[in-house]
1. Specify the residue that is most open to solvent (accessible area, probe 1.4 Å); the eligible residues are those in region A:95-114 that are within 18 Å of residue B:103 (Cα to Cα) and within 16 Å of the chain's Cα centre (by Cα).
2. Against the conditions (1) assigned to a strand (DSSP E or B); (2) more than 29 Å from residue A:51 (Cα to Cα); (3) open to solvent by 30 Å² or more (accessible area, probe 1.4 Å); (4) more than 9 Å from every other protein chain (Cβ to nearest Cβ), where does residue B:15 fall short? Just the number, please.
3. Whether any residue in region B:78-92 is acidic (Asp, Glu), under 18 Å from residue B:113 (Cα atoms) and within 11 Å of the chain's Cα centre (by Cα) is what I want to check.
4. So which of B:57, B:63, B:86 ends up being more than 14 Å from chain A (Cβ to nearest Cβ) and open to solvent by 10 Å² or more (accessible area, probe 1.4 Å)?
5. Need the failing condition index for residue B:76 against (1) of a type in the set (Val, Ile, Thr); (2) assigned to a strand (DSSP E or B); (3) modelled with pLDDT under 95, just the number.
6. Can you tell me which residue among B:44, B:103 is free of Cβ contacts under 8 Å to residues at least 24 places away in the same chain, assigned to a strand (DSSP E or B) and either of a type in the set (D, E, K, R) or away from chain A (no Cβ under 14 Å) (or both)?
7. Which one is farthest from the other protein chains (Cβ to nearest Cβ) among residues in region B:89-100 that are open to solvent by 20 Å² or more (accessible area, probe 1.4 Å) and among the small types (Gly, Ala, Ser)?
8. When residues of region A:41-94 are filtered for being away from every other protein chain (no Cβ under 14 Å), β-branched (Val, Ile, Thr) and open to solvent by 50 Å² or more (accessible area, probe 1.4 Å), how many remain?
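The values are calculated or read from the model by the stated rules, or taken from the named source; none is laboratory data. Source: prediction; values computed, not measured. Reconstructed Cβ throughout: ideal geometry from the backbone, glycine too, with neighbour counts over all protein chains shown. All accessible areas refer to the heavy atoms of the entire protein, side chains included, with ligands and DNA or RNA removed. Shrake-Rupley method; radii C 1.70, N 1.55, O 1.52, S 1.80 Å.
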Amino acid sequence: AQKVTQAQTEISVVEKEDVTLDCVYETRDTTYYLFWYKQPPSGELVFLIRRNSFDEQNEISGRYSWNFQKSTSSFNFTITASQVVDSAVYFCALSEPGAQKLVFGQGTRLTINP
Amino acid sequence: DAGVIQSPRHEVTEMGQEVTLRCKPISGHDYLFWYRQTMMRGLELLIYFNNNVPIDDSGMPEDRFSAKMPNASFSTLKIQPSEPRDSAVYFCASSGQGALTYEQYFGPGTRLTVT
């Protein structure tokens, strides 16, 4: 069965610090997709990134970067030079092709203090 | 382009009443999903549709819950009768087109409170 574990329930850092959110997943499939979503205090879920299991290249988008390592079944998310606006709950999710279902982790609540 | 639209944004009702939540997916998307978010259980998939046909409803908690998608631009999630434990935020999401696109785009959610 598929499972996503976000072991960090809450993280609190001071603005401008770098912070990494961990995500570990379990699946028996060789083909799968991984996602990160952001849920700011306003409540909506915002799509951040999708990565397929055949692409282990790290991705960078501005201050955000993602590190995908199949050997450790991890898909970690790093925010560089964090800002107060980054405060949100971040969810990691997993899906299998054809199934279209997203299995979400429990989320990590990130608080950036000024 | 408009995103996923949900209504109402907030709903307060009394136990035993019927509740209907509504969703308009992104135009052209052919998958529609209903999720429920609670503190205890996190984000749970309730049901999803492909081309208006229900594909997997294994997450629907019980017979009090039903969902329909009469056309490509509208879906409803109905709870009858509602109970206090149904209090949650209900999200609708859509994705498409075809099997190559998997990111789901979420609506703003409906916060349901059953007293």
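1. Within region A:95-114, the first condition is being within 18 Å of residue B:103 (Cα to Cα), and the residues that meet it are A:95-105, A:107.
Filter again for within 16 Å of the chain's Cα centre (by Cα), leaving A:95, A:102-105, A:107.
Details: A:95: 2, A:102: 10, A:103: 42, A:104: 20, A:105: 2, A:107: 8 Å².
Result: A:103.
2. All conditions pass for residue B:15, except number (1).
3. Restricting attention to region B:78-92, the residues satisfying the condition of being acidic (Asp, Glu) are B:83, B:86.
Narrowing further to those that are under 18 Å from residue B:113 (Cα atoms): B:83, B:86.
Narrowing further to those that are within 11 Å of the chain's Cα centre (by Cα): none.
No: region B:78-92 contains no residue that is acidic (Asp, Glu), under 18 Å from residue B:113 (Cα atoms) and within 11 Å of the chain's Cα centre (by Cα).
4. Numbers: B:57 fails: more than 14 Å from chain A (Cβ to nearest Cβ); B:86 fails: open to solvent by 10 Å² or more (accessible area, probe 1.4 Å).
When all the criteria are applied, what remains is B:63.
5. (3)
6. Details: B:103 fails: assigned to a strand (DSSP E or B).
The unique qualifying residue is B:44.
7. B:98
8. The number of residues fulfilling the criteria is 5.
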